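Take a look at the structure set out below.
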Amino acid sequence: MSSALHVLAFDSSTEWLSVALQLGDGAVLASTEPGGARASQRLLPLVQELLAEAGIRLRDIGLIGFGAGPGAFTGLRAACAAAQGLAFGLDIPVVPVHTLLAVAASAEGSAAQAPTLLVANDARMGELYWALAQQGADGGLRLAAPAQVASPQAAALAWVQALGEVPPAGLQLLGHAWAEHGAALAAALPAAWQKQLGAAQTVAPTAAAVARLARAAHVRGESVAAAQALPIYVRNKVALTTEERERARRVEAA
């Protein structure tokens, strides 16, 4: 891959829509705005705005990276459809970037240098997505194992089993699950975890991080054709049934 390759990246897996251009000379142009239901309408206009700002054309793009999930189903489908359509039309490769890995790569300061990152995002329905990310021998970030979806209690048990009753020094907690599930996690985790839990950082995946990860994956030969660019769901169920919602309300009331 030529170092002059321009990378277009975007992520709408959370409530934010983020789009970035990583130019061949290393410069990065990025824009972030509220996403959600409007992500599908605003994604391509944001791409055009960044292209105009950079002074390049769409056909100058050589690689597309997108936040593939897990995350909001509507946002994932919007990003995947845009990536597939653009890549097919331009005849260029795509890198589906794991959302939790993008969260880890979006961290700043000391968190970005931590040997182990525990990333957790709210999955709704009383659950969270989580995975451990670590620095590889080449300095790049990798997920230590596939992401999981679990209740806060089940996630806490898995973290203690994987990392110990006393968490490793330097462990950083990242993502947007901590505010939503903080109380449940504090009740389920041992006392030695409370300091890290209190220092958890709310970090959203940025398109700039997606672009960096996509370029690195492409260098490793991990990019795919447009037709093979698919979302990463982890959980296929998108909503609770009426009976499940009523049961949850009764439990909460009790």
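Every condition in (1) assigned to a helix (DSSP H, G or I); (2) modelled with pLDDT under 95; (3) touching a strand residue (DSSP E or B) at 6+ places or on another chain (Cβ under 7 Å); (4) not polar (S, T, N, Q) is met by GLU243 except one, and the failing one is (3).
A search for C-beta distances below 9 Å between a residue of segment 123-145 that is among the acidic types (Asp, Glu) and any residue that is buried (at least 16 other Cβ atoms within 10 Å of the Cβ) and part of a loop (DSSP other than H, G, I, E, B), counting only pairs 6+ apart in sequence or on different chains, returns GLU127/SER151; GLU127/ARG235. Looking at (1) modelled with pLDDT under 95; (2) closer than 16 Å to TYR129 by Cβ; (3) surrounded by 12 or more Cβ atoms within 10 Å (Cβ to Cβ), which one does VAL238 not meet, given that it meets all the others? Tallying (1) modelled with pLDDT under 95; (2) closer than 16 Å to TYR129 by Cβ; (3) surrounded by 12 or more Cβ atoms within 10 Å (Cβ to Cβ), VAL238 fails exactly one: (3). Can you find a residue in segment 133-149 that is open to solvent by less than 50 Å² (accessible area, probe 1.4 Å), farther than 19 Å from VAL203 by Cβ, part of a strand (DSSP E or B) and of a type in the set (Gly, Ala, Ser)? No, segment 133-149 contains no residue that is open to solvent by less than 50 Å² (accessible area, probe 1.4 Å), farther than 19 Å from VAL203 by Cβ, part of a strand (DSSP E or B) and of a type in the set (Gly, Ala, Ser). Scanning segment 99-116 for residues that are assigned to a helix (DSSP H, G or I) and either modelled with pLDDT of 95 or more or crowded, with 21+ Cβ neighbours inside 10 Å (or both) yields THR99, LEU100, LEU101, ALA102, VAL103, ALA104, ALA105, SER106. Within segment 7-35, the set of residues being closer than 27 Å to THR74 by Cα and open to solvent by 40 Å² or more (accessible area, probe 1.4 Å) comprises GLU15, TRP16, VAL28, ALA30, THR32, PRO34.
The values are calculated or read from the model by the stated rules, or taken from the named source; none is laboratory data. Everything numeric here is computed off the predicted structure, so don't read it as measured data. So basically every Cβ, Gly included, is an ideal-geometry build from the backbone, and we count neighbours across all protein chains shown. SASA here: full protein model, heavy atoms, side chains in, ligands and nucleic acids out. Shrake-Rupley method; radii C 1.70, N 1.55, O 1.52, S 1.80 Å.
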